[in-house]
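Please read the structure below before turning to the comments.
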Amino acid sequence: MIVHGKKDPILSFELAKKYADKIEGSKKVWINQAGHLISNDYVDQMSGDFFKMLAESQN
């Protein structure tokens, strides 16, 4: 699972997406309003995506 903030001023979203696309089968989570450090404001989104990914991997 790759989590990246789209407003990251250190590692651009375009570059993060390019690298993430090279990891076959990876689950990508893009957080629209997040920067380089993803705050607790996004924990619900990330944990929801994480548990969904785990459930899908069990099938």
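Roughly how many debye, to the nearest 20, is the charge dipole of the chain about its Cα centre, given +1 on each Lys and Arg Cβ, -1 on each Asp and Glu Cβ, and no other charges? Write out the running numbers ahead of the final one.
Numbers: 8 positive and 8 negative charges, 33 e Å.
The calculation lands at about 160 debye.
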- Message: Run the helix sum for the chain: -39,500 (n - 2.57) per DSSP H stretch of 4+ residues, divided by residue count, reported at 222 nm to the nearest 500 deg cm²/dmol.
- Response: -12500 deg cm²/dmol
- Per-residue HN-Hα couplings for the range 46-58, Karplus 6.51 cos²θ - 1.76 cosθ + 1.60 at θ = phi - 60°, whole Hz, x for Gly and Pro? 5, 5, x, 5, 5, 5, 5, 4, 4, 4, 5, 6, 7
- Task: Would you work out if the chain is rounded, prolate or oblate? Take a ≥ b ≥ c from the square roots of the eigenvalues of the alpha-carbon gyration tensor; rounded if a/c is under 1.5, else prolate when a/b is larger than b/c, oblate otherwise.
- Result: oblate
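Met53: net charge of surrounding residues, Cβ under 13 Å, Lys/Arg +1, Asp/Glu -1, itself excluded?
+1
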- Could you tally the net charge around Met1, taking each other residue with its Cβ under 13 Å from the Cβ of Met1, Lys/Arg +1 and Asp/Glu -1? +1
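For the chain, which GluC sites (Glu not before Pro) pass both filters: DSSP loop (anything but H, G, I, E, B) and at most 10 other C-beta atoms within 10 Å?
Glu24
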- Task: Under 13 Å from the Cβ of Ala16, count the other residues' Cβ atoms, weight Lys and Arg +1, Asp and Glu -1, and hand me the total.
- Result: +3
- Message: If I ignore ligands, DNA and RNA and count only protein heavy atoms, how much of Tyr42 is accessible to a 1.4 Å probe, in Å² to the nearest 10?
- Response: 50
- Message: With unit charges on the beta carbons (Lys and Arg positive, Asp and Glu negative) and the dipole taken about the Cα centre of the chain, which residue among Ala55, Leu15, Ile31 sits farthest to the positive side?
- Response: Leu15
- Task: Would you pull out the residues with amide H under 5 Å of Ile2's amide H, same chain only if 5 or more places away, H placed 1.01 Å from N?
- Result: Lys27, Lys28, Val29
- Task: Per residue of the range 28-44, in order, report the coupling 6.51 cos²θ - 1.76 cosθ + 1.60 (Karplus, θ = phi - 60°) as ³J(HN,Hα) in whole Hz, putting x for Gly and Pro.
- Result: 10, 10, 9, 9, 4, 9, 7, x, 6, 9, 8, 7, 4, 4, 10, 4, 4
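The values are calculated or read from the model by the stated rules, or taken from the named source; none is laboratory data. From a predicted model like this one, the values you see are computed outputs, not experimental measurements. Heads up, the Cβs are rebuilt from the backbone with ideal geometry, glycines too, and the neighbour counts pull from every protein chain shown. Accessible surface areas use protein heavy atoms only, side chains included; no ligands, DNA or RNA. Shrake-Rupley method; radii C 1.70, N 1.55, O 1.52, S 1.80 Å.
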